[in-house]
1. Quick one: of K64/K98; K483/K567; K500/K589; K336/K393; K226/K269; K396/K441, which pairs are farther than 26 Å apart, Cα to Cα?
2. Using the Karplus curve 6.51 cos²θ - 1.76 cosθ + 1.60 with θ = phi - 60°, what ³J(HN,Hα) values do you get for each residue of the stretch 100-117, in whole Hz, with x for Gly and Pro?
3. Using the C-alpha gyration tensor of the stretch 219-371, what are the square roots of 5 times its eigenvalues, in whole angstrom, with the largest one first?
4. Between K553 and D287, what is the spin-label point distance in nm, taking each point 7 Å from the Cα along the Cα→C-beta axis?
5. Send over a whole-number figure in Å² for the accessible area per residue of the stretch 169-272, probe 1.4 Å.
6. Carbon and sulfur: what percent of the stretch 138-285's accessible surface (1.4 Å probe)?
7. What number do you get for the stretch 354-418 when its Cα radius of gyration is normalised by 2.2 N^0.38 Å, N = residues?
8. Put +1 on the Cβ of each Lys and Arg and -1 on the Cβ of each Asp and Glu in the stretch 261-417; which of Q335, M298, T402 then has its Cα farthest toward the positive end of the dipole?
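The values are calculated or read from the model by the stated rules, or taken from the named source; none is laboratory data. As the structure is a computational prediction, the values presented were derived from the model and not from experiment. Virtual Cβ from ideal backbone geometry, glycine too; neighbours counted across all protein chains shown. Keep in mind that these areas ignore ligands, DNA and RNA; they rest on the heavy atoms of the full protein, side chains included. Shrake-Rupley method; radii C 1.70, N 1.55, O 1.52, S 1.80 Å.
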Amino acid sequence: MQRLGSWLLLQSVGSIVVVSVLVCLLLAAIVGGDLQREYAREIEATGAQTHTLAKVAEEDVRQKMHRVELLLAAAAGVVQGSRPVSRLERDAILQGFKAMLPVDGLVQGLEVIDSGGGVVLATLPETPARLPSAANRDYVASHRQNLNAGLFLGASLKDGPMGGWATPASIRLGPDGEPFQGVLVAWIDPLHFQSSAQSMDVGANGFVTVFTRQGWIIARTPAVEKLMTRSWIDAPMFKEHLPVATEKTVRQVVVADGVERIYSYRALKDYPVVVSVGQSLTDALADWRERAWREGFMLLLVISGVGVTATIMIRQMRERQTAQSQLRLTALSVQKASVPIFWIARDSRIVRVNSAACDLHGYTEAELLRMAITDLDPDFPVERWPDHWADLKRRKRMCFETTQVNSKGQIVPVEVDLNFVEFNGEELNFAYMRDISARKKSEAELLQATDAAQAASQSKSQFLANMSHEIRTPMNAVLGMLKLFHNTELSDQQLDYATKAEGAAKSLLGLINDVLDFSKIDAGKMALDPHPFELEKLMRDLSVIVSTNVGPKPVEVLFDIDATAPKVLIGDAMRLQQVLINLSSNAIKFTAKGEVVIQVRVLARSGSEATLGFSVKDSGMGIAPVDQHFIFSGFSQAEASTTRRFGDRKSTRLNS
């Protein structure tokens, strides 16, 4: 029986092979004829496309040459021949030439060559010595022999006046028919022709070439430098085709590179230019060859159909076995994962869990499968489940923190990651849960530590405030006694000692006031006391205080107050004066000689409101740029030597 089955299998395979071969022979005849017709259509379509591209390139070149022609005509009107001009006139003409040059760089520069071949005017640098002299260039010789002033395109120069390839376009100066007076030359940048040609799809081996009627290449895409160093006047296009027709599409091997192409050429009627566009048959027939290979491959597939079918069946069986193995591995990985995983149905029933989920809640798998997810979350009533499911279905994924109850009744904080999935037509919630008990404990400890730190900081601020108040009371008494002491009869030495003692006491009282301000700021209780005050009176009081700080130093204190500033303002005059005293005192202290200017400017004004800008400028030593970022750091100075030279109380208070 086994042998009979093998024989029947062999017979079936043989029959299939014979039928496949017969079918392939029939298909080969059909496909071969179709490919032959498609080949002819591809050749015809490529020729039409090449012809169209040539017309597009012709129009682009015509527009550019028209621009060059207009530029030369305008420049010729300015030159008025090549007669000698003064230096001033020459500079004026050159400025006019430069203004005429197009901004897109189509023309790099203009030259005027006199009848002797000398360059008399040029917007470009001096012609390099490696280039032929102007008198020996082809366009000069052509214009000298031809009485017609028409446009002439000379051979492109590799190292043109601007260093790269350049093509001279020239016209004859002076009226037609009169003796040769000179040549006006516009140096064309071939890159402008190449940039336009690059937008044309001519394939990997195609080209777009712009020739002069003398066979010189103006521009070619893709650029091949060695092709531009010779004239192609002997090529078939110039020798065979152009004498017969000014435009033509032909199929032949191009002499330049030996590649068979379909190319179309068009000779411009108005300008001595020929445009040639070629597409390689290798590129044009690429799709046809791909189709031929594909259809031939299909024939081979039919011939080997039985073997391929058997191979596919075996591969499918192996793939099915591999998929089943991967599914078992995935299920095992999910089951053994350390993260609790739940599958929850639309009605909140738990349909599947892994081992980690059982461990988290202290239930067996069978017990969890008899429960709903709302049984585990005391803060999630059953009534909210439909709205929750609709929200999850809309958002596809949700992540939040909640609490759940384990089998012992203990509250377990968890972070849940919910994912809406559809499997076999059933909507499911695929949920991850993470026990965040340790994280919550750390957060509570951190919050407790933060509260303790804030309490300590508040105690420190309260202590500073109390100490400042306690110290300020005796200091005021000391200042009062010194004031009374001043009213007694004192010798000069005693008066000096009393004055210095009073100054030191006032400085210490100022420092105590600053400490009190710092404690208020630290405690968040620094508040402004706005009330009406006169700006002029405040600045006058400030001048009295600041002037006493100048002492014997040759420093002049100036006030520059905007005349439009309001006379009466509402604000905290004491705090404003405190800031201005600190700023101006620092300016005076760090200014050995010169001036300190206290300036008030009106920055903005609207109705009864005004924005004023206060500034203090001095002619002191300043701060080096590398040290300027230190000035806003607490209790710091730009240079340590500043403390030794000037003391640090005022500067520290300013910087803090």
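1. On the way: K64/K98 18 Å; K483/K567 34 Å; K500/K589 17 Å; K336/K393 28 Å; K226/K269 28 Å; K396/K441 31 Å.
Flagged as over cut-off: K483/K567; K336/K393; K226/K269; K396/K441.
2. 6, 4, x, 5, 7, x, 4, 10, 7, x, 10, 9, 10, 10, 7, 5, x, x
3. Numbers: eigenvalues 1131, 128, 39 Å².
Semi-axes (√(5λ), whole Å): 75, 25, 14.
4. Going from the K553 label point to the D287 one covers 8.7 nm.
5. Values: 4650 Å² over 104 residues.
Per residue, the stretch 169-272 has an accessible area of 45 Å².
6. On the way: 3100 of 6070 Å².
Of the solvent-accessible surface of the stretch 138-285, carbon and sulfur hold 51 percent.
7. On the way: Rg = 12.4 Å, N = 65, 2.2 N^0.38 = 10.7 Å.
Working it through for the stretch 354-418, the quotient is 1.16.
8. Toward the positive end, the furthest listed residue is M298.
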